[in-house]
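Since the structure comes first, as structure tokens, the remarks are kept for the end.
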Amino acid sequence: MAILNCNELRKSYGSKVALNGINLTIEPGRIVGLLGPNGSGKTTLIKICTGLLTPTSGQALINGMSPGPETKAIVSFLPEATYLNSWMKVSHMLSFFKDFYSDFNLDKAQDMLRNLGISEKDALRSLSKGTKEKVQLILVMAREAKLYLLDEPIGGVDPAARDYILNTIIKNYNPDASVVISTHLIYDIEQVLDDVIFLKNGEIALSSSVDDLRENHGMSVDAYFREVFRC
Amino acid sequence: MTWRFEPDRPIYIQLQEQLKLAIVSGQYPPGGKLPAVRDLAEDASVNPNTVQRALAELEREMLVYAQRTSGRFVTEESEMIEKIKTEMALKLVDEFVSKMAAIGYSKDETNAMLTKIEEVEERGDTQL
């Protein structure tokens, strides 16, 4: 069964249409890039899949279910903005996640933190922006989820941190789970992706595997994106 | 191993080529075990499914074989590897000759140039 299935998904904010009839299917074991310029609907789509927003019409099904407690148990979401409380310590976050999610693998998270030399005693306040983003990614990737939704995970971090984040995604690859990564930094990410979905004004402008796109157009996804979205 | 990917061609083909080069050059010797998909993916920073596809292509070319439980190995048939090596060499020579032709060298002139370079190298000079 598909992990994510969107059917004629529409979302309007008042008269502003954010998603205009999205149809897509994501199978298990895929790493998918959700690509589009600012305001194309990436975050709206992700937020509907997490259950944070409700669609105006149509539906998004996760493992065949509408967003709710059952889907939240199998969806691991990395929001664009951090939601970690700065007074908390890393250890607080670990127990927080352990309480909230039965699929949270504490050993894995501790291992990943140790590899980065982050102490569990560190207060989040004392961490740099890049380190904070890494901690958040570790928390999200240490869950044994079915669907990972990562909203702009590589925006605003330095290239070394970016490499770390991409390697973490590869290292945690699970053939039974899928990863959706929204970004407009395509160049850095395209060799990690199986498939790309281009969003344009709330509609799917293109859906293809990365290698098919390169084969058919003789250019990188990044170059093709620039062509499709030329201003 | 250092991996390098050009932006305008499928990644699995480039992976396949670079793995082939590693086999032909003996970095992965005949009968030797190849790293696991996951390790290759991490090392090259590419998607594991792409690595899987590149390896499947090498299997199809009989350069690599899979053993059900213990992973993938380089073929033990060295003639097979020699054959691929010759194919690669021919392709390189072909490219070289056509690049020389593009700057106006005939095949004979190219040959003469190669001989000359060899002589110069033997003498230890740097001037042609």
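The values are calculated or read from the model by the stated rules, or taken from the named source; none is laboratory data. Source: prediction; values computed, not measured. Cβ sites come from the backbone with ideal geometry, for glycine too, and all protein chains shown count toward neighbours. Heads up: the accessible areas ignore ligands, DNA and RNA and are worked out on the full protein's heavy atoms, side chains in. Shrake-Rupley method; radii C 1.70, N 1.55, O 1.52, S 1.80 Å.
Some values worked out for this structure:
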item	result
Search result, residues across the range A:215-229 that are open to solvent by 30 Å² or more (accessible area, probe 1.4 Å), of a type outside the set (A, V, I, L, M) and within 7 Å of another protein chain (Cβ to nearest Cβ)	A:Glu215, A:Gly218
Matching residues, the range B:66-88, being within 18 Å of the chain's Cα centre (by Cα), of a type outside the set (D, E, K, R) and open to solvent by 50 Å² or more (accessible area, probe 1.4 Å)	B:Ser78, B:Thr86, B:Met88
Restricting the range A:164-179 to residues that are within 23 Å of A:Phe225 (Cα to Cα) and open to solvent by 10 Å² or more (accessible area, probe 1.4 Å), the residue that is farthest from the other protein chains (Cβ to nearest Cβ)	A:Val179
Condition check for B:Ala54: under 25 Å from A:Tyr187 (Cβ atoms) and facing chain A (nearest Cβ under 9 Å)	no
Criterion (acidic (Asp, Glu) and in contact with a strand residue (DSSP E or B) (Cβ under 7 Å, 6 or more places away or on another chain)) met by exactly one of B:Glu59, B:Glu17	B:Glu59
Selection count where residues are out of contact with any Phe, Trp or Tyr (no Cβ under 6 Å at 6 or more places or on another chain), in a helix (DSSP H, G or I) and surrounded by 15 or more Cβ atoms within 10 Å (Cβ to Cβ), scope the range B:39-51	6
Residue match in the range A:192-211 (condition: in a helix (DSSP H, G or I) and open to solvent by 30 Å² or more (accessible area, probe 1.4 Å))	no
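To keep it simple, each residue is scored yes or no on (1) assigned to a strand (DSSP E or B); (2) without any contact (Cβ under 8 Å) to a residue 12 or more places away in the chain; (3) within 14 Å of chain A (Cβ to nearest Cβ).
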{"residue": "B:Thr2", "(1), (2), (3)": "no, yes, no"}
{"residue": "B:Leu21", "(1), (2), (3)": "no, no, no"}
{"residue": "B:Gln27", "(1), (2), (3)": "no, no, no"}
{"residue": "B:Arg72", "(1), (2), (3)": "yes, no, no"}
{"residue": "B:Glu79", "(1), (2), (3)": "no, yes, no"}
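Condition check ((1) assigned to a helix (DSSP H, G or I); (2) in contact with a Lys or Arg (Cβ under 9 Å, 6 or more places away or on another chain)) across all residues:
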position	(1), (2)
A:Glu120	no, yes
A:Arg125	yes, no
A:Lys132	yes, no
A:Val140	yes, no
A:Ala160	yes, no
A:Asp163	yes, no
A:Thr168	yes, yes
A:Pro175	no, no
A:Ile181	no, no
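Per-residue answers, yes or no, for (1) among the small types (Gly, Ala, Ser); (2) within 24 Å of A:Leu149 (Cα to Cα):
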residue: A:Leu84; (1), (2): no, yes
residue: A:Ser91; (1), (2): yes, yes
residue: A:Phe100; (1), (2): no, yes
residue: A:Lys108; (1), (2): no, yes
residue: A:Ala123; (1), (2): yes, no
residue: A:Thr131; (1), (2): no, yes
